[in-house]
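Asks: One structure, as C-alpha cells, below. Some questions next.
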Amino acid sequence: MKYNLSIISPKMWIHHSAVNEVVLYFYFMIKKKADVQISFNKIVFDRINIIFFAWNLPKDVILPENSIIFQSEDLDKSTGWIFEGEIGTKYLNFLNKHKIIDYAEFNLQSNIINHQNKKFLPLLYCEDLKFKFKREKKDFLLFYGALTEHRKKILKKINKYNIKILDASECWNYGYYRDLAIAETLAVLNLHKTEAISKFQSVRCFYPLINNVPVITQKFKLSEGQDWYKDSVNIIDDLTLESTEIILDQLKDEKKQNEKFQLFESYDAKKIFFECIDSLNDM
C-alpha cells in the first residue's frame with residue numbers, strides 16, 4: 001500500500017503547523033512498512049489519503065472511497081466550534097462520509113458520526129521525533145495553544161503564585177522557537193479550552209513526552225483500558241497554591257519523572273498504530 005498524508009491548508013494559513021508533529025508521527029510510523037509521502041492540498045487517487053484539516057476542502061470535492069480523515073476537533077455540541085456555521089456543517093458531512101482516525105476516544109462515542117468506520121489512535125513514543133538539540137532546564141512553565149478565556153483565567157491564577165509562565169500563544173505556537181522553549185521548560189502546561197472539556201489533548205502532549213519533558217495537565221477522563229497517558233503525566237485536580245506547589249515538587253523528583261517517560265516509551269507504538277490503520281483499511 002502507498003499513502004499520501006495530505007495537509008489541507010488555505011494560502012497563508014499558518015495554523016496547519018498545529019499538527020506538524022502528528023503528521024510526522026504518521027509519516028515515520030508508516031515509513032516502517034509502506035511507501036508514504038506528505039503533500040499540501042493534494043489528493044492522490046492511487047494512494048490511501050490521510051487528510052488533515054478536512055474542513056478546508058471544497059464542499060463538493062469527491063474523495064477516494066478509502067480516504068481517512070484525521071479528526072482533531074471536539075465533538076461535544078456544548079464546546080465544539082464545528083457545530084456552528086457553514087464550515088462546520090461541511091466538515092461534519094465529510095466525517096459522516098469517510099473513515100476517521102480520532103485523537104480522543106470519547107469523540108467516537110458521540111452520536112454525531114453515524115457510521116462505525118472510525119478508530120481512536122493514541123499518539124505515543126516515536127524515536128524519530130526526538131529533539132536534535134540538548135535539553136537545558138530553566139525555571140519556567142510553558143503554555144502554548146489557543147488562548148481562550150478559560151485558559152487566560154488559569155494562567156492569571158498561576159501567575160499570582162509567583163510561578164514563572166512563558167505564554168507562547170501570542171508569538172510562536174509552532175516551530176523551532178517553540179521547540180527550544182519546550183526543551184528549556186520545567187514542564188508544559190496542558191489546559192482545557194473551557195471548563196467543560198475533560199478530554200486529554202494528546203496532540204499537544206505526546207511531543208514533550210517523547211522528548212522527556214514533563215507535562216502538567218488538568219484532570220481528564222480516559223476510557224477504561226485506554227489509559228495511555230495518565231501515569232506518564234502530572235495531573236492536577238485543582239489549581240490551589242498548595243496543589244500547584246505539590247506538582248512542582250514532583251517535578252524535582254527526576255527518578256519519578258524518568259519512570260513516567262519510560263512507561264510512555266514502553267508501549268508498542270508501531271503495533272498499536274498499524275492495528276488502527278489496518279483495521280480501517282479492511283473496512
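The values are calculated or read from the model by the stated rules, or taken from the named source; none is laboratory data. Since the structure is predicted, the reported quantities are computational estimates derived from the model, not experimental observations. Please note: Cβ atoms are built from the backbone with ideal geometry, for glycine as well, and neighbour counts cover all protein chains shown.
Asks: Just to be sure, is residue 209 outside any strand (DSSP E or B) and under 20 Å from residue 20 (Cα atoms)?
Replies: Yes; evaluated as a whole, the condition is true for this residue.
Asks: Determine if segment 125-134 includes at least one residue that is outside any helix (DSSP H, G or I), under 25 Å from residue 267 (Cβ atoms) and touching a Phe, Trp or Tyr at 6+ places or on another chain (Cβ under 9 Å).
Replies: Checking segment 125-134: at least one residue is outside any helix (DSSP H, G or I), under 25 Å from residue 267 (Cβ atoms) and touching a Phe, Trp or Tyr at 6+ places or on another chain (Cβ under 9 Å).
Asks: I've got another one for you. Answer yes if at least one residue in segment 201-213 is more than 16 Å from the chain's Cα centre (by Cα) and surrounded by fewer than 23 Cβ atoms within 10 Å (Cβ to Cβ), and no otherwise.
Replies: Checked segment 201-213: at least one residue is more than 16 Å from the chain's Cα centre (by Cα) and surrounded by fewer than 23 Cβ atoms within 10 Å (Cβ to Cβ).
Asks: I'm checking my understanding of the structure. Among residues of segment 152-170 that are assigned to a helix (DSSP H, G or I) and not charged (D, E, K, R), which one is farthest from residue 192 (Cα to Cα)?
Replies: Checking each candidate, the answer is 159.
Asks: Which of the following residues is among the aromatic types (Phe, Trp, Tyr) and more than 24 Å from residue 282 (Cα to Cα): 70, 40?
Replies: Being among the aromatic types (Phe, Trp, Tyr) and more than 24 Å from residue 282 (Cα to Cα) holds for just one of 70, 40, which is 40.
Asks: Restrict the check to segment 235-255 and report whether at least one residue is within 16 Å of the chain's Cα centre (by Cα), modelled with pLDDT of 90 or more and closer than 24 Å to residue 76 by Cβ.
Replies: No, there is no match, as no residue in segment 235-255 is within 16 Å of the chain's Cα centre (by Cα), modelled with pLDDT of 90 or more and closer than 24 Å to residue 76 by Cβ.
Asks: Then there is this: Would you tally the residues in segment 225-250 being assigned to a helix (DSSP H, G or I) and touching an Asp or Glu at 6+ places or on another chain (Cβ under 6 Å)?
Replies: Residues meeting the conditions: 0.
Asks: If you don't mind, another one. State which residue pairs qualify: first residue assigned by TED's automatic domain parsing to the domain that holds residue 52 and inside segment 15-36, second residue surrounded by fewer than 14 Cβ atoms within 10 Å (Cβ to Cβ) and of a type outside the set (Lys, Arg) in any location, beta carbons under 6 Å apart, and separation of 6 or more residues or different chains.
Replies: 28/128; 34/1
Asks: Kindly list the number of the only condition in (1) over 18 Å from residue 143 (Cβ atoms); (2) in contact (Cβ under 8 Å) with a residue 12 or more places away in the chain; (3) in a loop (DSSP other than H, G, I, E, B); (4) among the acidic types (Asp, Glu) that fails for residue 195.
Replies: The one condition residue 195 does not meet is (1).
Asks: With the requirement that a residue be surrounded by fewer than 16 Cβ atoms within 10 Å (Cβ to Cβ) and either assigned to a helix (DSSP H, G or I) or touching a helix residue (DSSP H, G or I) at 6+ places or on another chain (Cβ under 7 Å) (or both), what does segment 251-262 give you?
Replies: Of everything in segment 251-262, those that are surrounded by fewer than 16 Cβ atoms within 10 Å (Cβ to Cβ) and either assigned to a helix (DSSP H, G or I) or touching a helix residue (DSSP H, G or I) at 6+ places or on another chain (Cβ under 7 Å) (or both) turn out to be 254, 255, 256, 258, 259, 262.
Asks: Please enumerate the residues belonging to segment 2-48 that are of a type in the set (A, V, I, L, M, F, W, C) and on the phi > 0 side of the Ramachandran plot.
Replies: Listed by number, the list holds a single entry, 12.
Asks: Right, something else. Is it the case that some residue within segment 11-30 is surrounded by 12 or more Cβ atoms within 10 Å (Cβ to Cβ), within 20 Å of the chain's Cα centre (by Cα) and of a type in the set (Gly, Ala, Ser)?
Replies: Scanning segment 11-30, I find at least one residue that is surrounded by 12 or more Cβ atoms within 10 Å (Cβ to Cβ), within 20 Å of the chain's Cα centre (by Cα) and of a type in the set (Gly, Ala, Ser), so the answer is yes.
Asks: How many residues does segment 59-72 contain that are in contact (Cβ under 8 Å) with a residue 12 or more places away in the chain and either surrounded by fewer than 18 Cβ atoms within 10 Å (Cβ to Cβ) or among the aliphatic types (A, V, I, L, M) (or both)?
Replies: Total satisfying the criteria: 7.
Asks: Just a yes or no: is a residue in segment 161-181 over 20 Å from the mean Cα position of the chain (by Cα), farther than 16 Å from residue 138 by Cα and either of a type outside the set (Phe, Trp, Tyr) or outside the structural domain of residue 134 (by TED's automatic domain parsing) (or both)?
Replies: no
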